[in-house]
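Notes for the one structure printed next.
The values are calculated or read from the model by the stated rules, or taken from the named source; none is laboratory data. Since we're looking at a predicted model, the values are computed, not measured. FYI the Cβ positions are ideal-geometry reconstructions off the backbone, even for glycines, and counts take in every protein chain you see. These area figures cover heavy atoms from the full protein model, side chains too; ligands, DNA and RNA do not enter into them. Shrake-Rupley method; radii C 1.70, N 1.55, O 1.52, S 1.80 Å.
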Amino acid sequence: MTDEQFCDLVATRLAALHAVQAVTLGGSRATGTHTPKSDWDFAIYYRGHFSPGRLREIGWPGTVSEVGEWGGGVFNGGAWLTIDGRAADIHYRDLDVVEHEIVESRQGRFHWEPLMFHLAGIPSYLLVAELALNRVLRGQLPRPQYPQALRTAAPPIWRDKAEQTLRYARKTYPARSQITEVAGALATAAMQTAHAVLAARGEWVTNEKRLLHRAGLREFDEIIAGLRPEPATLDRALAYAQNLLLSSE
């Protein structure tokens with residue numbers, strides 16, 4: 001089965017599920033940056049009540065979550081499946097929530113949510129970013145531009161998160177020689193700063209995989225690699241990161 005045949009098969013089966021209005025292909029497969037080992041990311045956009053049980057009934061092997069099982073926020077559930085020998089992720093997207101976040105983003109408003117595998121968590125405008133970048137396979141969905149209001153509002157919010165992360169770490173961990181905690185704070189602040197940089201540029205973000213590279217912040221690698229369980233070394237690392245945060249504005 002070719003990639004296009006595979007896409008068509010999955011889209012057809014997903015689009016036939018009750019309440020599903022549209023199906024998209026996302027991730028690196030949608031942007032053309034994938035490798036032969038990349039998995040497949042699909043999203044189903046539903047209106048009203050969607051039953052994950054209907055997805056299970058298709059019979060694809062893997063794990064299917066309930067709606068809300070992945071934290072209950074904007075990223076509200078999905079499935080990890082093997083389809084035709086290929087790894088495929090399927091995400092649930094409630095159209096009422098998506099449309100609300102489109103309106104919010106146009107006003108420069110968003111909220112932050114924790115999410116597994118994301119060091120800095122995610123902004124609620126991730127749902128809008130997906131619409132801008134994903135390939136629509138079935139149905140119709142808007143293709144939003146990056147709102148100017150969001151370009152203005154988001155960067156200082158992300159930078160404040162990064163500054164608070166580093167300030168707390170500098171006050172708390174170096175004196176105790178807690179190298180792991182310092183490394184974690186540096187990694188988190190780096191991702192938060194990268195969100196700020198890309199928001200200022202009006203560039204959408206859907207995950208953290210290439211976030212530091214895109215923001216030109218791989219210098220954090222050197223800071224973390226140079227850590228030693230010595231108070232002075234840890235404090236210098238955090239101070240350097242604070243200066244790097246300021247210089248990236």
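Structure above, values below:
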quantity: Strands (runs of 3 or more DSSP E) wholly inside segment 62-118 containing at least 2 residues that are in contact with a helix residue (DSSP H, G or I) (Cβ under 8 Å, 6 or more places away or on another chain); calculated: 78-83, 86-94
quantity: Scope segment 64-85; condition of a type in the set (Gly, Ala, Ser), in contact (Cβ under 8 Å) with a residue 12 or more places away in the chain and surrounded by fewer than 16 Cβ atoms within 10 Å (Cβ to Cβ); matching residues; calculated: GLY71
quantity: Test: residue in segment 6-25 that is assigned to a strand (DSSP E or B) and of a type outside the set (A, V, I, L, M, F, W, C); calculated: yes
quantity: Unmet requirement for ALA120, which otherwise passes all of (1) farther than 21 Å from SER38 by Cα; (2) buried (at least 20 other Cβ atoms within 10 Å of the Cβ); (3) without any contact (Cβ under 8 Å) to a residue 60 or more places away in the chain; calculated: (3)
quantity: Subset tally (residues that are open to solvent by less than 60 Å² (accessible area, probe 1.4 Å) and either touching a Pro at 6+ places or on another chain (Cβ under 8 Å) or over 17 Å from GLU57 (Cβ atoms) (or both)) for segment 1-22; calculated: 4
quantity: Residue, farthest from THR165 (Cα to Cα), within segment 230-249, restricted to residues that are open to solvent by 80 Å² or more (accessible area, probe 1.4 Å) and part of a loop (DSSP other than H, G, I, E, B); calculated: GLU230
quantity: Among the candidates LEU166, LEU234, LEU227, residue that is farther than 27 Å from GLY27 by Cβ, at pLDDT 95 or above, among the hydrophobic types (A, V, I, L, M, F, W, C) and touching a Pro at 6+ places or on another chain (Cβ under 8 Å); calculated: LEU234
quantity: Top-ranked residue in segment 165-210 [being among the polar types (S, T, N, Q), part of a helix (DSSP H, G or I) and under 14 Å from the mean Cα position of the chain (by Cα); ranked as surrounded by the most Cβ atoms within 10 Å (Cβ to Cβ)]; calculated: GLN192
